[in-house]
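Chemist: Please see the structure below; I have some questions.
The values are calculated or read from the model by the stated rules, or taken from the named source; none is laboratory data. Note that the structure is a prediction, hence the values are computed from the model and not measured. Don't worry about glycine lacking a Cβ; one is built from the backbone with ideal geometry, like all the others, and counts go over all protein chains shown. For the accessible areas, the whole protein counts, side chains as well, though only heavy atoms, and no ligand, DNA or RNA atoms are used. Shrake-Rupley method; radii C 1.70, N 1.55, O 1.52, S 1.80 Å.
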Amino acid sequence: MNNTAASPMSTATSSSGRSTGKSVSFATELQSMMFSLGDARRPLHETAVLVEDVVHTQLINLLQQAAEISQLRGARVISAEDLLFLMRKDKKKLRRLLKYMFIRDYKSKIIKGIDEDDLLEDKLTGSSNANKRQKFAQDFLNSVDQTGELLAMFEDDEIDEVKQERMERAERQTRIMDSAQYAEFCESRQLSFSKKASKFRDWLDCSSMEIKPNVVAMEILAYLAYETVAQLVDLALLVRQDMVTKAGDPFSHAISATFIQYHNSAESTAACGVEAHSDAIQPCHIREAVRRYGRKIGPLSPFTSAYRRNGTAFLAC
């Protein structure tokens, strides 16, 4: 692979490089997604725009590398195996993706009217008809797994601590909601990039790509886009908590030079400063989260990707 891909981390504060002719934006949907993931009921538009830039840039870089792998194996399209190959070294996130693929298969069969008992029986027997996506993933990982660690994930029922924390946060978030707020929250939780497949393809400008992703690859990309948003919210909430002044802590006022730079920039204090009278995630929280993630700093280091490609730390894989 070449090393010419622009780093998503270095472009978190600028445009993600989308074509100026494109007006496709997920900013409004992202505000709802961020609310369902732990942000305030009315997330800041400027924060959502910044999150959109980070997610878009990361996916474009991921697509570029997947296209390179696809080209090396002589394929005409980007398929799921190219993305699985890129994710193979981060077992926790790969396990999460495999679970998502099984759920997609499960949902497909339910929609088609397959009886649940038949579906579970097919899962146990490894029927490719019942579990098309999971069977494909299993076959591919079997072809590249020399130690058995990757295949073992299909039998691993380990609790996903990150997912568990998100569910607990959502439970705490809903305790103080009235019926109208809870209805809005539930509606926000249903949003995803995969439910707007055509818009998502336009957002990534897939039509201009020489090697285009197939349907299953687009499903995975939509999943990774949502996971990137979720992780950005996770990390931004940690940053915000870390920036709160703690009584008796002489170092609680020590904040990063990067944060000071963004806080003193041309952006308004109301949109970015810690003094803003809002419990919404600020743009500076996102920037600081991205900076720490890329450098394995402080409490964010456990979330940092176990590997890097072209000097880039990918949030979703």
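Chemist: What about Ala217, is it over 21 Å from Thr28 (Cα atoms) and in contact with a strand residue (DSSP E or B) (Cβ under 9 Å, 6 or more places away or on another chain)?
Modeler: It is true that Ala217 is over 21 Å from Thr28 (Cα atoms) and in contact with a strand residue (DSSP E or B) (Cβ under 9 Å, 6 or more places away or on another chain).
Chemist: Just the residues that are within 15 Å of Leu59 (Cα to Cα), of a type in the set (D, E, K, R) and in contact (Cβ under 8 Å) with a residue 60 or more places away in the chain, please, taken from the stretch 200-223.
Modeler: Passing the criteria: Asp202, Asp205, Lys212, Glu219.
Chemist: Could you check the stretch 269-284 and list, in sequence order, the residues that are open to solvent by 10 Å² or more (accessible area, probe 1.4 Å) and at pLDDT 70 or above?
Modeler: Within the stretch 269-284, Ser278, Asp279 qualify.
Chemist: Which one is modelled with the lowest pLDDT, of the residues in the stretch 97-123 that are open to solvent by less than 30 Å² (accessible area, probe 1.4 Å) and closer than 24 Å to Asp145 by Cα?
Modeler: Asp105
Chemist: Taking into account only those residues within the stretch 124-167 that are hydroxyl-bearing (Ser, Thr, Tyr) and either assigned to a helix (DSSP H, G or I) or more than 19 Å from Ala80 (Cβ to Cβ) (or both), which is modelled with the lowest pLDDT? Full working, then the answer.
Modeler: Of all residues in the stretch 124-167, those hydroxyl-bearing (Ser, Thr, Tyr) come to 125, 127-128, 143, 147.
Filter again for either assigned to a helix (DSSP H, G or I) or more than 19 Å from Ala80 (Cβ to Cβ) (or both), leaving 125, 143, 147.
Details: Thr125: 53, Ser143: 75, Thr147: 72.
Checking each candidate, the answer is Thr125.
Chemist: Just give me the residues in the stretch 26-48 being part of a helix (DSSP H, G or I) and open to solvent by less than 30 Å² (accessible area, probe 1.4 Å), in sequence order.
Modeler: So in the stretch 26-48, the residues part of a helix (DSSP H, G or I) come out as 27-36, 45-48.
Across the stretch 26-48, the qualifying residues are Ala27, Glu29, Leu30, Met33, Met34, Phe35, Ser36, Thr47, Ala48.
Chemist: Quick check on this structure: which one of Ala289, Ala217 is surrounded by 16 or more Cβ atoms within 10 Å (Cβ to Cβ), modelled with pLDDT under 95, under 14 Å from Val55 (Cβ atoms) and touching an Asp or Glu at 6+ places or on another chain (Cβ under 9 Å)? I'd like the intermediate steps shown before the answer.
Modeler: Working: Ala217 fails: under 14 Å from Val55 (Cβ atoms).
On inspection, the qualifying residue turns out to be Ala289.
Here is a yes/no grid of residues against (1) assigned to a loop (DSSP other than H, G, I, E, B); (2) within 17 Å of the chain's Cα centre (by Cα); (3) surrounded by fewer than 24 Cβ atoms within 10 Å (Cβ to Cβ); (4) not charged (D, E, K, R):
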| position | (1), (2), (3), (4) |
| --- | --- |
| Val24 | yes, no, yes, yes |
| Leu50 | no, yes, no, yes |
| Asp53 | no, yes, yes, no |
| Ile60 | no, yes, yes, yes |
| Ala66 | no, yes, no, yes |
| Ala75 | yes, no, yes, yes |
| Leu86 | no, yes, yes, yes |
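Chemist: Conditions first: (1) within 16 Å of the chain's Cα centre (by Cα); (2) not in a loop (DSSP other than H, G, I, E, B). Ser198 passes all but one, so which condition is the exception?
Modeler: (1)
Chemist: Let me ask another. Condition check: surrounded by 12 or more Cβ atoms within 10 Å (Cβ to Cβ), in contact (Cβ under 8 Å) with a residue 12 or more places away in the chain and not in a helix (DSSP H, G or I). Does Ser192 satisfy that?
Modeler: Numbers: surrounded by 12 or more Cβ atoms within 10 Å (Cβ to Cβ): yes; in contact (Cβ under 8 Å) with a residue 12 or more places away in the chain: yes; not in a helix (DSSP H, G or I): yes.
In short, yes.
Chemist: Still on this model: On the given criteria, is Leu232 at pLDDT 70 or above, touching a strand residue (DSSP E or B) at 6+ places or on another chain (Cβ under 7 Å) and part of a helix (DSSP H, G or I)?
Modeler: Working: at pLDDT 70 or above: yes; touching a strand residue (DSSP E or B) at 6+ places or on another chain (Cβ under 7 Å): no; part of a helix (DSSP H, G or I): yes.
It is false that Leu232 is at pLDDT 70 or above, touching a strand residue (DSSP E or B) at 6+ places or on another chain (Cβ under 7 Å) and part of a helix (DSSP H, G or I).
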